1. Show which lysines lie in cross-link reach of K321 when reach means a straight Cα distance below 28 angstrom and same-chain residues fewer than eight apart are skipped.
2. Report, in debye and to the nearest 20, how large the dipole of segment 327-406 comes out about its Cα centre when Lys and Arg carry +1 and Asp and Glu carry -1 on their Cβ.
3. Nearest 5 is fine: what % of DSSP beta bridges in the chain come out antiparallel, could you say?
4. Quick one: what are the phi-derived ³J(HN,Hα) couplings along segment 53-61, Karplus 6.51/-1.76/1.60 with θ = phi - 60°, whole Hz, x for glycine and proline?
5. Amide H of Q138: which non-local residues (sequence gap of 5 or more, or other chain) have their own amide H closer than 5 Å, using H built in the peptide plane?
6. Have a look at L194, G76, L35 and report the one farthest towards the positive end of the charge dipole of the chain, computed about the Cα centre with Cβ charges (Lys/Arg +1, Asp/Glu -1).
7. Along segment 207-223, what does the Karplus equation 6.51 cos²θ - 1.76 cosθ + 1.60 (θ = phi - 60°) give for ³J(HN,Hα), rounded to whole Hz, x for Gly and Pro?
8. Which of the listed residues, A156, L248, C445, is farthest toward the dipole's positive end in the chain, when Lys, Arg count +1 and Asp, Glu count -1 at the beta-carbon?
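The values are calculated or read from the model by the stated rules, or taken from the named source; none is laboratory data. In this text, all values refer to a predicted model and were calculated from it rather than measured experimentally. So basically every Cβ, Gly included, is an ideal-geometry build from the backbone, and we count neighbours across all protein chains shown. Ligands, DNA and RNA are stripped out before the accessible areas are found, and what is left, the full protein with its side chains, is counted by its heavy atoms. Shrake-Rupley method; radii C 1.70, N 1.55, O 1.52, S 1.80 Å.
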Amino acid sequence: MSYPVLAQQYVLFRDSMSEGVAELPLRAESPLTELELQSLWFAGEFGSEFTTTCGKRVAVRDFGVWNHAAGPDFTGCAVQTEAGVLKGDIELDPDVRDWERHGHATNPAYEKVALHLYLEGPEARAFSRTAGNREVMQVRLTRDMLRDGARPQLLAEARLGRCATPLREMEPARVHSLLEAAAQYRLQRKSAKLQALVKLHGREQAVYQALSAAMGYRNNQRPFTILAQRLPVKKLGKLGALEREALLFGVSGFLESVRYEDTQPDTRAYLRELWSEWWKQREQYTNWLTEVQQPVWKIGGARPGNHPQRRLGALCAMLGKWKSVYAFLKDTKTWSREGFSEALLELEHDYWNGHYTLLANPATKPLALVGGTRVQEILANVCYPLLVPESGKLWADYLELPAMLDNQKVRRAALRLFGEHPEAGSYQKRLFHQQGLLQIYEDYCLEDDSACNECPFPEKLKGWQFGATVGR
Ligand code: SF4
């Protein structure tokens, strides 16, 4: 069945009530740091239309730039109010009282703030006023505003689920079509997120941001996103290769975190080059080098090849070939899956083709900067979500993509739904199978707090009537 009909059927299936099954409880969520909040805001994850604390409707027309100097968090923004467009800056604080606590009320640098965003506040109203005694519009952000994809993801227990028995009894064609429908719905959600980003920051920056996040693998997507938000591709495109790489490694904090004397001779030569440029730029970015403003890189548990320093090296290599990489994603006419994949697989970097991290010994053999699994991830999470809504015919192409190798969540989802089912292997051969599995896993397994007992999925399966549109 063609795009997007199956996705709509999946939504009907998922949102239908199942008899005798209680509504699922919401899981507790971990607090967001100020930096995460800023990044989510800048990515439009909270939306762009709001009601102020005074009950007025406002819409953010331009999210501006993420400010690296002293002053408000985002500058050069535009906010549509009932009285017209207000140009100015935006400040985001975890608590509304931070406006006073941090001295914004007396600091002339905050005079042009058009909107003060916050998450927490006391019962009694706390006003935000500038040094000139102007009242600043306030918007309280809540977690409910966040799109689903921005919420922290957990892993469900690794064990066979209650749905494994009805799935075993279902005709394989119906299981395939259910996975296809869930995959299509998942792709639509990714598309909506990308399209929102395109609307906010333009297509090229949206693509760059999404590719950067994909470079961060599972653990470091947020820090890579922050880096791409803070240093947009237009700005990086105006710099020379060394200047650009020094800026990325400097702002990421990696240059500051490594002691020269702890490194190998060839790494010292590389660091010397980067520092020769970073010194010239560093002063402008000191605000981003404080502990609170530094992205938290997750290093433990990652394979050496996925170390964020190495991934950043790969991002620098991609930026060196940006025009040819981006050319494939400009529109569906220029798209070529083979061409795009090759462009990524062929990326090279003098230092990072031979090193895992800035502190490790050189690798004994050359290392690919971007491997096949990463390319598959990028196809699944960036390219097809961007392009399929622009040409529904590409859905058929998407269905042909082979499965990704190594994905812990997919393994866990397959174990819960299929266990030792004789057809289990055939439900994991293609990328769409995996994406469908992940969607069901997120919609049901991650929402379940009852060890499967109250999960509605097994009972609902009887109601899934669609046949498969693709082979196995
Ligand atoms: S929570 Fe639901 S979907 Fe997940 S394994 Fe259990 S029964 Fe299956």
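1. Answer for K321, where 28 Å is the Cα cut-off: K190, K193, K199, K234, K235, K238, K280, K298, K330, K333, K365, listed by chain and number.
2. Working: 6 positive and 11 negative charges, 14 e Å.
The dipole of segment 327-406 has a size of about 60 debye.
3. Details: 16 of 26 bridges.
Once the DSSP bridges in the chain are tallied, antiparallel ones form about 60 percent.
4. So the Karplus estimates, Gly and Pro as x, are 5, 8, x, 8, 7, 9, 9, 7, 8 Hz.
5. T53, C54, H116
6. Highest projection toward the positive end goes to L194.
7. 5, 4, 5, 5, 5, 4, 4, 5, 5, x, 6, 5, 7, 10, 4, 5, x
8. Farthest towards the positive end: L248.
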